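The values are calculated or read from the model by the stated rules, or taken from the named source; none is laboratory data. Keep in mind that this is a model prediction, so the values were computed, not measured. In this analysis, Cβ positions are derived from the backbone assuming ideal geometry, glycine residues included, and neighbour counts consider all displayed protein chains.
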Amino acid sequence: MRKGKQILWLAVYGVGGSLVVVFQRYLTFHFDNLTQNAYRFLAGSAALFLLAHHFFRAELVRLLKDRRQILRIFGSALLLTAPTFLIVEGIARTTAALAGLLHTMAIPLTLLLALALFPDERNLGQPGFFLAGTLAALAGTVGLTLSGGSLAFQRSIGNLYVLAATLVGVACGLIIKRLVRDTQPVCLGAFTCGFVGLLFLAVLAVQGRMTAFLGAGFLPVTVLFFSGVYGMLIGVGLAYTLIRKAGLITVRLTDLAMPVFTALFGFLLFGERLARTQMLYGGLVLGGCLMVLLNRPHR
């Protein structure tokens, strides 16, 4: 993938991914977290399977015959469900600012582990530019987090939940990096989303709430399924493809820019207030990410 095309797709991923949060904000008024995840993942999985069947049929058939790889994907999907529950429980028991800070601190850990475990991630371009850009993006993200609320460093079970979710999320990213080397990314995403959605659906079935979402009305249900298709195409299909083409480090640094675009969409669509300090920190995040992306050689 050429460098210019790579940066374009990373921009689509960063800006497009931030819109997913806008959809989720709307959905929280109509559905609980479990219902959202079950049907969003299943809708996204169906879209990815259709895409894989149309464009990557040979790879899809090959994967269907590889039972060992299917089991690995199921294991990764099982692991992916944990952070969702943990982060929701954690935010309910601690401050949003501290939860955001702990989550942000996963990025340096991901970078270090990716550099240690995957030789193809070590092609950083000029190390000085990479380090400066990474530190600028992290500093801007921490600044955005702290400007959104006060930190409370008291002992809290919520802090442990968020920390556990963060560490499991780091492990998931590394596992996906390993799986995507041997599996076509869209096919991998289709199975992963399908397994995750079915796991959440099983919990809803045990609780007797599989069809309760239909009472929300036509528009919320439509947005629920549309956001699943859109969100998984961007957040899984495109993300996995970029992890394979551009590298895990590049994608995780692009993730740092998403809250900036989310805040911008919140300002444009919902009239949410943007403080001057938030705009400055947002500019620091975007500048740092751009410095890293322009510096890294294309793969």
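Which ones in segment 1-53 are without any contact (Cβ under 8 Å) to a residue 12 or more places away in the chain and over 30 Å from GLY217 (Cα atoms)?
Those that are without any contact (Cβ under 8 Å) to a residue 12 or more places away in the chain and over 30 Å from GLY217 (Cα atoms): GLY4, LYS5, LEU8, ALA11, HIS53.
Checking the condition closer than 29 Å to VAL292 by Cβ, more than 19 Å from the chain's Cα centre (by Cα), of a type outside the set (Gly, Ala, Ser) and at pLDDT below 85, which residue from LEU214, LEU135 passes? Break it down stepwise before answering.
Working: LEU214 fails: closer than 29 Å to VAL292 by Cβ.
None of the others qualify; the one that does is LEU135.
Can you find a residue that is touching a Ser or Thr at 6+ places or on another chain (Cβ under 7 Å), closer than 25 Å to GLY44 by Cα and in a helix (DSSP H, G or I) anywhere in segment 201-211?
Yes - at least one qualifying residue is present in segment 201-211.
Conditions (1) outside any helix (DSSP H, G or I); (2) touching a Ser or Thr at 6+ places or on another chain (Cβ under 6 Å); (3) among the charged types (D, E, K, R); (4) surrounded by fewer than 18 Cβ atoms within 10 Å (Cβ to Cβ), marked per residue:
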{"position": "LEU8", "(1), (2), (3), (4)": "no, no, no, yes"}
{"position": "VAL20", "(1), (2), (3), (4)": "no, no, no, no"}
{"position": "PHE31", "(1), (2), (3), (4)": "yes, no, no, no"}
{"position": "SER45", "(1), (2), (3), (4)": "no, no, no, no"}
{"position": "LEU50", "(1), (2), (3), (4)": "no, no, no, yes"}
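Would you please name the residue that is nearest to the chain's Cα centre (by Cα), looking only at residues in segment 80-124 that are modelled with pLDDT of 65 or more and not in a helix (DSSP H, G or I)?
It comes out as MET105.
Yes or no: VAL221 free of Cβ contacts under 8 Å to residues at least 24 places away in the same chain, of a type in the set (Val, Ile, Thr) and either more than 26 Å from ASP120 (Cβ to Cβ) or loosely packed, with under 14 Cβ neighbours inside 10 Å (or both)?
The answer is yes for VAL221.
Quick check, is PRO185 at pLDDT 95 or above and more than 14 Å from ALA77 (Cα to Cα)?
When the stated conditions are applied, PRO185 passes them.
Within the set of pairs 6 or more residues apart or between chains, which connect a residue that is at negative phi inside segment 54-77 to a residue that is among the hydroxyl-bearing types (Ser, Thr, Tyr) and part of a helix (DSSP H, G or I) with Cβ atoms less than 6 Å apart?
ILE73/THR192; ALA77/THR192
So that you can scan it fast, the table gives a plain yes or no per residue for (1) buried (at least 22 other Cβ atoms within 10 Å of the Cβ); (2) more than 30 Å from VAL180 (Cα to Cα); (3) modelled with pLDDT of 70 or more:
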residue	(1), (2), (3)
LEU253	yes, no, yes
PHE265	no, yes, yes
ALA275	no, yes, yes
LEU280	no, yes, yes
GLY283	no, yes, yes
GLY287	no, no, yes
ARG299	no, no, no
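Kindly check whether there is at least one residue in segment 196-209 that is under 26 Å from PHE55 (Cβ atoms) and in contact with a Phe, Trp or Tyr (Cβ under 8 Å, 6 or more places away or on another chain).
Yes.
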